[in-house]
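The values are calculated or read from the model by the stated rules, or taken from the named source; none is laboratory data. Values in this document were obtained by computation on a predicted structure and should not be read as measured data. When we count neighbours, we look across all protein chains shown, and the Cβ atoms used for this are built from the backbone with ideal geometry, even at glycine.
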Amino acid sequence: MTILVQLAIGLLFGLGLIVSGMSNPAKVLNFLDLGGIPAGIWDASLAFVMAGAVAVTFVGFRQVLKLAHPFFAERFYVPTRRDIDPKIIVGPAIFGIGWGLAGFCPGPALTALGFGSTAAVIFVVAMCAGMVLARFVAQLQSSTRIAAPVHPLES
Amino acid sequence: MVATSFTPIASLVGGALIGLSAALLMWATGRIAGVSGIAARLFPPYEDREFAGRLAFVAGLIAAPVLVRLVTGSLPAQTIAAGTPVLIVAGLLTGFGAVWGSGCTSGHGVCGLSRLSVRSLVATITFIATGVATVFVIRHWS
């Protein structure tokens, strides 16, 4: 049952991406093209996608988080971190370069697979490789941090 | 580059559907609808037992255009200008950066901003800035 519900929720997300125009990389790139404003290339549509999504999510989360627990789970898994570490800037900076190169971010890229696009397959395979690599590097870092002997003068 | 038309109504409605989906996922599973987080956790190491649910969500994303084509008989335009080498580099950077920064456009841009998270605000401003800079360099620096 949970699986079917999550399939339906993913389907709704994908429909939103298609209706909003986010599934078209050309539209995304034209939104990011602030230098194209004088030539009339700039497409502000994405700001409306964000506005619509944030407005509904904002209200939705407020209602849902009043509940004792999620419908199919024992508790909510809401991120609690508030610190601004280098990773929260470096990661998105790298992500943005990739986004600006092809016009794809993860959601629209996965939805593009259903369009039958070969380009999307290439992008998604590379994206998954990047994800696996990032998790591997992050794990490597945390394990070396634990394994490294504490400097005697620091302890 | 391909000119695209400004679609405020469709984009607002589509955005609202994305928001509804994010709210429903929180209601059902108690989790953030961050596509990069969901996709990345389809690969090992596995930290929980949510694999099937995540796979179902991703299957839904992929099935959406198939359903649209079945119902309406057509799909909206999709123009992918990037060639294979650019797609590979872009995919690697997008995937790596999304995991390194704990989220992407959906996790930070939609869910994070809706939770008034400062981390997500920093992330969203950063990826829009480098995205704008990248497009600027490609389109206007030659």
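In this structure, does A:PHE123 turn out to be among the aromatic types (Phe, Trp, Tyr), modelled with pLDDT of 95 or more, in a loop (DSSP other than H, G, I, E, B) and out of contact with any strand residue (DSSP E or B) (no Cβ under 9 Å at 6 or more places or on another chain)?
Here the answer is no, as A:PHE123 does not meet what is asked.
Residue-by-condition table, conditions (1) closer than 20 Å to A:SER23 by Cα; (2) of a type outside the set (Ser, Thr, Tyr); (3) touching a His at 6+ places or on another chain (Cβ under 8 Å):
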| site | (1), (2), (3) |
| --- | --- |
| B:LEU87 | yes, yes, no |
| B:GLY103 | yes, yes, no |
| B:SER106 | yes, no, no |
| B:CYS111 | yes, yes, no |
| B:SER114 | no, no, no |
| B:VAL118 | no, yes, no |
| B:ILE128 | yes, yes, no |
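Looking only at the stretch A:23-71, which residues are at the interface with chain B (Cβ under 7 Å from one of its Cβ atoms), closer than 27 Å to B:THR4 by Cα and either basic (Lys, Arg) or in a loop (DSSP other than H, G, I, E, B) (or both)?
A:SER23, A:ASN24, A:LYS27, A:ASP33, A:ILE41, A:ASP43, A:ALA44
Determine whether B:ARG54 is assigned to a helix (DSSP H, G or I), more than 7 Å from chain A (Cβ to nearest Cβ) and surrounded by fewer than 24 Cβ atoms within 10 Å (Cβ to Cβ).
yes
Of all residues in the stretch A:20-49 being buried (at least 24 other Cβ atoms within 10 Å of the Cβ) and among the β-branched types (Val, Ile, Thr), which is farthest from B:ILE138 (Cα to Cα)?
The selected residue is A:VAL49.
Each row is one residue, and each column tells you yes or no for (1) more than 7 Å from chain A (Cβ to nearest Cβ); (2) of a type in the set (Asp, Glu); (3) part of a helix (DSSP H, G or I); (4) surrounded by fewer than 23 Cβ atoms within 10 Å (Cβ to Cβ).
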| site | (1), (2), (3), (4) |
| --- | --- |
| B:SER74 | yes, no, no, yes |
| B:ALA81 | no, no, no, yes |
| B:VAL99 | no, no, yes, no |
| B:LEU121 | yes, no, yes, yes |
| B:PHE127 | no, no, yes, no |
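On the basis of being out of contact with any helix residue (DSSP H, G or I) (no Cβ under 9 Å at 6 or more places or on another chain), of a type outside the set (S, T, N, Q), under 25 Å from B:ARG49 (Cβ atoms) and facing chain B (nearest Cβ under 7 Å), does A:ARG81 make the cut?
no
Being touching a residue at least 60 places away in the same chain (Cβ under 8 Å) and of a type in the set (A, V, I, L, M, F, W, C) is the filter; apply it to the stretch A:8-19 and report the residue that is surrounded by the fewest Cβ atoms within 10 Å (Cβ to Cβ).
My answer is A:ILE18.
Scan the stretch B:33-51 residue by residue and report those that are farther than 15 Å from B:PHE96 by Cβ and either without any contact (Cβ under 8 Å) to a residue 60 or more places away in the chain or not aliphatic (A, V, I, L, M) (or both).
Listed by number, the residues that qualify are B:GLY34, B:ILE38, B:ARG41, B:LEU42, B:PRO44, B:PRO45, B:TYR46, B:GLU47, B:ASP48, B:ARG49, B:GLU50, B:PHE51.
Looking only at residues in the stretch B:8-38 that are at the interface with chain A (Cβ under 7 Å from one of its Cβ atoms) and touching a Lys or Arg at 6+ places or on another chain (Cβ under 8 Å), which one is surrounded by the most Cβ atoms within 10 Å (Cβ to Cβ)?
Filtering the stretch B:8-38 for residues that are at the interface with chain A (Cβ under 7 Å from one of its Cβ atoms) and touching a Lys or Arg at 6+ places or on another chain (Cβ under 8 Å), the one surrounded by the most Cβ atoms within 10 Å (Cβ to Cβ) comes out as B:LEU25.
What number of residues in the stretch A:55-83 are loosely packed, with under 13 Cβ neighbours inside 10 Å and in contact with a Lys or Arg (Cβ under 8 Å, 6 or more places away or on another chain)?
Result for the stretch A:55-83: 4.
Assess whether A:PRO92 counts as being at pLDDT 95 or above, within 7 Å of another protein chain (Cβ to nearest Cβ) and not in a helix (DSSP H, G or I).
Details: at pLDDT 95 or above: yes; within 7 Å of another protein chain (Cβ to nearest Cβ): yes; not in a helix (DSSP H, G or I): no.
Taking the combined requirement at face value, the residue does not satisfy it.
Could you check, for the stretch B:43-50, whether at least one of its residues is modelled with pLDDT of 95 or more and crowded, with 20+ Cβ neighbours inside 10 Å?
Looking for residues that are modelled with pLDDT of 95 or more and crowded, with 20+ Cβ neighbours inside 10 Å, one finds none in the stretch B:43-50, hence no.
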